[in-house]
Amino acid sequence: MKEAMDELKSEAKAKLLFWNKIESKAVKVALVFVFIGLIALKVFTTVLTFDWLKNLFA
């Protein structure tokens, strides 16, 4: 369990280091929009599919 927590911490530090190295605000904004878009796509494909709607009204 401790090894997993250490690995998680090291990955979080690596991501933060990557984020801090990006100097362009436009690139940072683009990455945020891509991240939000991926989350929205995941929600849409898992919750709002036509099969789910069909079963909801059946």
For a quick size check, give me the Cα extents of the chain along its three principal axes, largest first, whole Å. 51, 39, 8
Starting from the Cα of K15, draw a straight line to each of the aspartates and glutamates and keep only those under 17 Å, dropping any in the same chain fewer than 8 residues away. D6, E7, E23
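Tell me which DSSP H helices of the chain clear both cut-offs, 24 Å or more of axial length from alpha-carbon atoms and a mean Kyte-Doolittle hydropathy of at least 0.5.
Details: long enough: 2-21 (28 Å, -0.86); 25-47 (33 Å, 2.00).
Membrane-span-like by this rule: 25-47.
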Could you pull out every one of the lysines with an alpha carbon less than 18 Å from that of K2, ignoring same-chain neighbours closer than 8 positions? K13
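Since every read-out is calculated from the coordinates, none of them should be taken as a lab result. Because the structure is predicted, anything quoted here is derived from the model rather than measured.
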